[in-house]
Amino acid sequence: QIKDSATLTRDVLEQHFSDLKGTLKKLLDERLMSLLQEVDVIEQESIKPLDECQKLIEHGVNTADDLLREGESAVDGDVGQQNEKLCNFTKKALHIQLDSLPEVPSLVDVPCLSAQLDDCLLTILKNQIFRHGTVASRPPVQLEEFVEKPGGILVRWCKVDDDFIPQDYRLQYRKSSASHFEDVYVGSETEFIVLHIDPNVDYQFRVCARGDGRQEWSPWSVPQIGRTTLVPHEWTTGLEGYSLSSRRNIALRNGSQSCGVLYSKAPTYFCGQTLTFRQVLFGIETMGQPDRRDSLGVCVEQRNGDDSLQRDKAVCISTNGAVFVNGKEMTNQLPAVTSGSTVTFDMEVVQLGPCSSEGGNFKLRVTISSNNREVVFDWVLDQCCGSLYFGCSFSYPGWKVLVF
């Protein structure tokens with residue numbers, strides 16, 4: 001672990017500072033190019049009027065040279081042509097203004113470029129660089145426990161640094177064959193059920209935390225491997241009146257007039273586990289209307305033709321909070337199931353008599369929880385049950401239930 005984490009830390013540091021050097025070089029090159037372009041613009045804008053002034057002066061000098069040569073020719077010519085040439089020379093000289101010059105900017109108005117470079121930038125960068133990055137030998141949080149769930153894993157973690165005050169936690173996971181971790185939870189809780197886990201496949205998990213009032217995350221915990229051997233809970237397909245999600249763990253009561261009980265694909269609920277139904281947030285205005293027959297629960301066997309789980313060999317909770325055991329309503333009642341409600345079933349075996357292949361008296365201690373309230377009772381069966389089906393029934397469209 002020490003060697004692996006040290007090697008990984010070296011790789012992270014080298015890659016980070018390599019990226020920083022590349023980014024800094026790019027930023028410096030961009031700044032240099034910007035300043036050079038600024039010099040070019042000032043030079044071009046400032047030199048243009050001076051160039052025009054120089055052209056006017058050169059043109060005047062050339063005109064004066066031409067006139068001087070013409071005057072010399074007029075003086076040096078023979079007498080017959082001298083008068084005519086002198087006359088032409090005089091007229092031309094009167095039309096040319098040799099005593100005027102274009103306006104030339106004063107020396108103080110002519111730009112003189114220079115580069116102003118503040119050496120304190122190096123001091124600032126040096127101080128920031130020497131404080132950049134830290135090496136931690138022990139992360140403040142570590143993974144604590146993995147609990148198998150059907151098609152999922154309950155991951156728990158804990159704080160191991162007493163001086164660290166956490167504000168949020170961040171959990172990541174990946175298949176052992178994958179190259180990158182991905183976020184699966186960010187929040188203040190210290191446990192989370194990761195769903196959509198393939199059974200009998202190794203997954204790596206890691207967790208970090210953010211201190212109170214801080215923006216940066218702490219170092220990652222030591223990665224640990226978790227797996228589940230339990231197949232995911234699935235609703236059975238093909239029942240008219242219900243539409244299923246792609247993973248078949250969410251059932252939606254559609255607009256069909258058909259009414260019946262939707263069962264699980266197989267008896268995948270085992271005693272000792274927690275079975276959870278969650279009424280998916282679907283909007284109050286689109287959520288189905290309640291009916292006294294509407295129920296969520298578990299049963300010994302699938303039975304076609306029933307319109308509710310409120311029957312023998314089944315325990316369930318109706319949407320109004322009533323609890324039924326083998327079709328009989330209990331006096332204890334739980335809160336009504338509404339949008340966003342979570343209902344859990346926990347069972348443990350209490351055997352009353354000898355259990356043989358022909359069956360026998362069998363008792364299950366059942367705990368049903370809903371909205372922070374629970375009821376506990378014994379469910380007596382006339383046969384041994386190693387696993388149970390789960391089911392739901394809704395009379396009106398709009399109900400949407402996730403099971404895990």
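Remarks
- Candidates S256, S318, S221, filtered to the one that is among the hydroxyl-bearing types (S, T, Y), over 19 Å from S370 (Cα atoms) and in the same structural domain as S370 (by the TED database): S256
- Top-ranked residue in segment 143-181 [being part of a strand (DSSP E or B) and of a type in the set (D, E); ranked as surrounded by the fewest Cβ atoms within 10 Å (Cβ to Cβ)]: E145
Conditions tested, residue by residue: (1) farther than 30 Å from R247 by Cβ; (2) among the polar types (S, T, N, Q); (3) outside the structural domain of V280 (by the TED database).
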{"site": "M330", "(1), (2), (3)": "yes, no, no"}
{"site": "V337", "(1), (2), (3)": "no, no, no"}
{"site": "V366", "(1), (2), (3)": "no, no, no"}
{"site": "N372", "(1), (2), (3)": "no, yes, no"}
{"site": "G391", "(1), (2), (3)": "no, no, no"}
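- R227 being open to solvent by 80 Å² or more (accessible area, probe 1.4 Å) and either touching a Leu at 6+ places or on another chain (Cβ under 7 Å) or within 30 Å of Y263 (Cα to Cα) (or both): yes
- Criterion (within 30 Å of I250 (Cβ to Cβ) and at pLDDT below 95) met by exactly one of K149, K159: K149
- All positions within segment 182-203 that are surrounded by fewer than 16 Cβ atoms within 10 Å (Cβ to Cβ) and either in contact with a Pro (Cβ under 8 Å, 6 or more places away or on another chain) or in a loop (DSSP other than H, G, I, E, B) (or both): S188, E189, H196, D198, P199, N200, V201, D202
- Number of the exception - L252 against (1) crowded, with 17+ Cβ neighbours inside 10 Å; (2) in a loop (DSSP other than H, G, I, E, B): (2)
- Taken over segment 363-389, the residue count meeting the criterion of being part of a loop (DSSP other than H, G, I, E, B), touching a residue at least 40 places away in the same chain (Cβ under 8 Å) and either among the charged types (D, E, K, R) or open to solvent by less than 40 Å² (accessible area, probe 1.4 Å) (or both) is 1.
The values are calculated or read from the model by the stated rules, or taken from the named source; none is laboratory data. It should be emphasised that the depicted structure is a prediction, and the values quoted were computed from it without experimental measurement. With ideal geometry, Cβ positions are generated from the backbone for all residues, glycine too; neighbour counts draw on all protein chains shown. For accessibility, only protein heavy atoms count, side chains too; no ligands or nucleic acids. Shrake-Rupley method; radii C 1.70, N 1.55, O 1.52, S 1.80 Å.
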